[in-house]
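Since every read-out is calculated from the coordinates, none of them should be taken as a lab result. What you see is a predicted model; the values in this text were computed from it and never measured. Glycine also receives a Cβ, built like all others from the backbone with ideal geometry; neighbour counts cover every protein chain displayed.
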Amino acid sequence: MPAVSVCTEAFRIPAQAMAKAYGFPGFQYVEVPHPVASLSAEGLRQRVEEVLPRVLDILGVEA
Amino acid sequence: MNEAQRAIEHCYAQGWTDGLPVVPCDSDQLDAMLARVDRNPEEVLLGMPQLGRSVTVRLAAINAVMAGCLPEYFPLLVSAWDSLREEGYARKGIWQSTTGTASLLLVNGPVRQEIGINSRGNLFGPGFRANATIGRAVRLTAMNALGLRPQELDQATQGTPAKYTACIGENEEESPWAPLHVDCGLAPEVSAVTAMTMRSTAHIEARHTAVPEQLLTDIAGTLARTGALLHQTVSACVVLCPEHAHLLADAGWSKRDVSAFLYEQSFVPRETLDRTGKGAVSRISLWRVARDHPDAVVDEGADPTRNGIHAMTSPEAVLVVVAGASNSGVSAVVETFGPRGGRPAVTPIPAQAPGSTQDSRQESRT
């Protein structure tokens, strides 16, 4: 199943290091503003709506 | 710069240090380390499939040299890796976590005297080569063999000073009770090491009382700390100083009694949990959340007659050991991620072949 990795901006460097460890230094993933753990349900929904175009873009879905 | 300094600076330039200088390792030193164990140098001691990397006996030995270990420390260190593997949290990724844990190694048996593991004064502090370098070797290996460097694959938000080194002996000679490895079925003359995943150590200042219940209630105040609660409940290793241990044992308390009492006194009322926004548990992440969280489930405590929870998972999740100097009433609570009431990862250390225990510091002088 096609999947897209999502992480908050605070994890950019670990995400890049992880991608490098797997041999995919240019691996594409979606960054969202930090933090997420303390967001309300509404805040989380907004975050999802903000990044959805980027997720679809990485999946190769054309508008 | 002289040659030694240049070699040390080379290690810094390669990114092979924990911030402190390392001992440059050559093949003779590596061979001396490997000669102390009956293990294949390519054997994997700890694999991290999520990274595609692993710690082999050889990589552990190179980093042991770099950390300042003597060859005679290596059997203990290899058993420590076996214990870390059995304990399980390291290979599941806890060393990469924002929590920022360290690995505490607890050493039992005659190996403490053989190689000079401190189990008395300044237990968690500096001054003892075996404690300092064996604990350091674990972290250095994680950084160099697994690539768990801070701010990269080690995502610790703050970490703990124990990440530099955390290796202690149990003070069996001044304990009124059987030591941990004997409780777990090993003979007293067998040496053992037990790895635990730890967060903080908190001092318990209790020089004021000779009443067991007062002492233990004082200690339990730290066990019931809401700040420790990420998941539903937690575990701890309570390191009693000999004075506290004797106070309890003289009054007829066994270690099991102490664990049971501390578990009972780790009760946190629901009102206290609610005031910190931790009154419930997420049914998805199992992290503590506020009651109004969409995934919240109010977790019933173990005691149906009281509204609240015991911060400790079970009496067995409160491990009691004795260490430190016999000079005052200062004990410690080590907050652990495990064991959560299962058998601690007590791992025997093979006895060294006769003749091989010769002090390698003597060899170096000849």
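What the table shows:
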| item | result |
| --- | --- |
| FRET E, pair A:ALA41, B:GLU213, Förster distance 56 Å, beta-carbon r, rounded to 0.05 | 0.80 |
| Region B:250-343, relative contact order in percent, only Cα pairs under 8 angstrom and at least six apart counted | 27 |
| Taking B:HIS293, B:HIS203, B:HIS310 and counting other C-beta atoms within 10 Å, the order from fewest to most | B:HIS203, B:HIS293, B:HIS310 |
| Averaged over B:153-160, number of beta-carbon atoms from partner chains that fall within 10 Å | 2 |
| Region B:33-172: Cα Rg divided by the 2.2 N^0.38 Å rule of thumb | 0.99 |
| Proxy reagent accessibility, fewest Cβ within 10 Å first, across B:HIS231, B:HIS181 | B:HIS231, B:HIS181 |
| Largest-first ellipsoid semi-axes for region B:10-102, taking √(5λ) over the Cα gyration tensor eigenvalues, angstrom | 22, 18, 12 |
| Chain B: relative contact order in percent, alpha carbon pairs under 8 Å with at least 6 residues between | 20 |
| Net dipole in debye of chain B [+1 Lys, Arg Cβ; -1 Asp, Glu Cβ; about Cα centre; nearest 20] | 820 |
| Computed P(r) (all Cα pairs; the protein assembly as shown; 20 Å bins; percent) | 23, 51, 24, 2 |
| Residue list for region B:243-275, given a label point 7 angstrom along the Cα-to-Cβ vector of B:ALA302 and an amide N cut-off under 15 Å | B:256-269 |
| Region B:131-265: projected area of the alpha-carbon convex hull, averaged over directions, in nm² | 10.2 |
| Exposed-loop-free span, longest in chain B, where GluC sites (Glu not before Pro) count as exposed if DSSP calls them loop and at most 15 other C-beta atoms lie within 10 Å | B:44-188 |
| Distance in nm between pseudo-label sites at A:ILE58 and B:GLN50 (7 Å out along the Cβ direction from Cα) | 1.7 |
| Likely footprinting exposure, B:MET198, B:MET66, fewest C-beta neighbours within 10 Å first | B:MET198, B:MET66 |
| Average beta-carbon neighbours from other chains, 10 Å sphere, peptide A:10-21 | 4 |
| Fully extended contour minus Cα-Cα distance, from B:ALA178 to B:GLU271, at 0.36 nm per residue | 29.6 nm |
| Helix axis angle, A:12-21 relative to chain A longest principal axis, alpha carbon, degrees | 30 |
| Selected from B:SER191, B:SER328, B:SER79 as most flexible by GNM, with chain B as the system and alpha-carbon contacts under 10 Å | B:SER328 |
| Overall Cα dimensions of region B:156-218 - principal axes, largest extent first, Å | 41, 33, 16 |
| Pair B:ASP26, B:GLU3: separation of 7 Å Cα→Cβ label points (nm) | 0.7 |
